[in-house]
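The values are calculated or read from the model by the stated rules, or taken from the named source; none is laboratory data. None of these values were measured; they are calculated from a predicted model. Here Cβ is always computed from backbone atoms with ideal geometry, including for glycine, and neighbour counts include all displayed protein chains.
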Amino acid sequence: MIVVFGSINVDLIVPVEHLPAAGETVLGADYMLAPGGKGANQALATRRAGSDVTMIGAVGRDSFADIALSLLRRDGVDLSLVAACDRPTACAAITVDPTGENQIAVASGANLTVTAMQVPDELLRPATVLVLQREVPIAENALLIRRARERGARIVLSLAPAGPIAPARLEDIDILIANEGEAATLGAGTARRLRQALIVTHGAAGAVAHLPAGGEIVAPALLIDPVDTTGAGDTFAGVLAASLDQGLELPAMLRRASAAAALTCLAVGAQPAIPDRAAIDAAVARLPG
C-alpha cells in the first residue's frame, strides 16, 4: 500500500497570454478552482494507477477544505488521518500561458501544521511505500523518514519544491525524484548514497534514473502538445510509487511514470488531468523504444 505524507491545497488557476514579469499585471479571462497540492496530487495519481492509498496531511475548517479533498474522496483515497486545524486550507495561485508553462505561488496555511505523529507505526511496514515532498515542514519529513526506515518501509521523496532534505539522510531514501532545476541543487555523488535511484525528469526529453552503483536507465517521453504542465511532476512521482508498490522493475516504473506525466499535460489543472490505469497502459504502448 501507499502512504502519502504531504500537502493538500486548492489551486486557483488563471490562463494568461504570457506569464507576468516582476511588477507586471497580466489579465486573464476566467479562472478555475481545483483541488491540488503536491501531496494530494501524488496520492490521487497513485490511486488512479491502481494502488490503495492513505493520505496524511491537514486542511483548515473552511470552505476550501471540501474542494481540496473532493477528488481524493471521490476516488477512494483513505482520508481518515487528514487533520483539521484553525489555519486556512493551503491555496496555490497558478498562472498558465498558452504553451502550458506556469508560475506558482503557494500560501501554505494548514500544511505547516502537519506532523509525523499523525502517521501510526502500523502503517510503516515493509509492504508500505511512503511518499513525501517538501511542501510540509522538512523536520517532520525527516522524523517520518527515520521511523519508516527503522520499520522497513520503502521511501520515495520528491525534491519539490527544491531545497535541502536535511536533517533527513540520503542513505535512508530508496528513490529521490527531481526535475532538472531541482537536481542542480544536489551535491555530486547523490545517487551513490541512495538505496535505489536518483530519478531526474527532463520534460519532453523523458527521464533518467541514476543508479547507486553507476549507470543509467533512460525512459522516453510521450510526444504531446501540452495544454498545462501543472501537476505533471506529481503524477510522475505518484505513478512511479504505485509501480513500485505493484512490484514492477525500475525500467517499467520509469516508462509508466513518464507516460502518465505527459497525459497530465493534456488538460488544465493538476488533479482533474491525472490519468487512470487504463489510459496509462494505452500511453505506455505508444512510447518510443
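Things worth noting here:
- Number of the exception - Ser70 against (1) without any contact (Cβ under 8 Å) to a residue 40 or more places away in the chain; (2) within 27 Å of Arg154 (Cα to Cα); (3) hydroxyl-bearing (Ser, Thr, Tyr): (2)
- Residues in region 136-168 that are of a type outside the set (A, V, I, L, M) and modelled with pLDDT of 95 or more: Pro137, Glu140, Asn141, Arg146, Arg147, Arg149, Glu150, Arg151, Gly152, Arg154, Ser158.
- Residue in region 261-278 that is over 24 Å from Gly37 (Cα atoms), modelled with pLDDT of 95 or more and assigned to a loop (DSSP other than H, G, I, E, B) present: no
- Extreme residue, surrounded by the fewest Cβ atoms within 10 Å (Cβ to Cβ), among residues of region 226-260 that are assigned to a loop (DSSP other than H, G, I, E, B) and free of Cβ contacts under 8 Å to residues at least 12 places away in the same chain: Gly247
- Looking only at residues in region 141-160 that are part of a loop (DSSP other than H, G, I, E, B) and more than 17 Å from the chain's Cα centre (by Cα), the one that is farthest from Gln118 (Cα to Cα) is Gly152.
- Region 216-225, subset among the aliphatic types (A, V, I, L, M) and farther than 15 Å from Ile280 by Cα, residue surrounded by the most Cβ atoms within 10 Å (Cβ to Cβ): Ile217
- From the list Val77, Val106, Val53, Val96, the lone residue that is closer than 18 Å to Gln271 by Cα and touching a Ser or Thr at 6+ places or on another chain (Cβ under 6 Å) is Val53.
- The single condition among (1) more than 30 Å from Ile280 (Cβ to Cβ); (2) more than 19 Å from the chain's Cα centre (by Cα); (3) in a strand (DSSP E or B) that Ala105 does not satisfy is (2).
- Single unsatisfied condition, Ala278 versus (1) within 20 Å of Val77 (Cβ to Cβ); (2) touching a Pro at 6+ places or on another chain (Cβ under 7 Å); (3) aliphatic (A, V, I, L, M); (4) surrounded by fewer than 24 Cβ atoms within 10 Å (Cβ to Cβ): (2)
- Verdict on Ser80 being surrounded by fewer than 17 Cβ atoms within 10 Å (Cβ to Cβ) and among the polar types (S, T, N, Q): yes
- The set of residues in region 179-199 being surrounded by fewer than 22 Cβ atoms within 10 Å (Cβ to Cβ) and either polar (S, T, N, Q) or under 15 Å from the mean Cα position of the chain (by Cα) (or both) consists of Asn179, Glu182, Thr185, Thr190, Gln196.
- Flag for Gln271 being closer than 20 Å to Met1 by Cα and of a type in the set (S, T, N, Q): no
- For region 197-238, taking the residues that are among the acidic types (Asp, Glu) and within 28 Å of Val14 (Cα to Cα), the one that is modelled with the lowest pLDDT is identified as Asp228.
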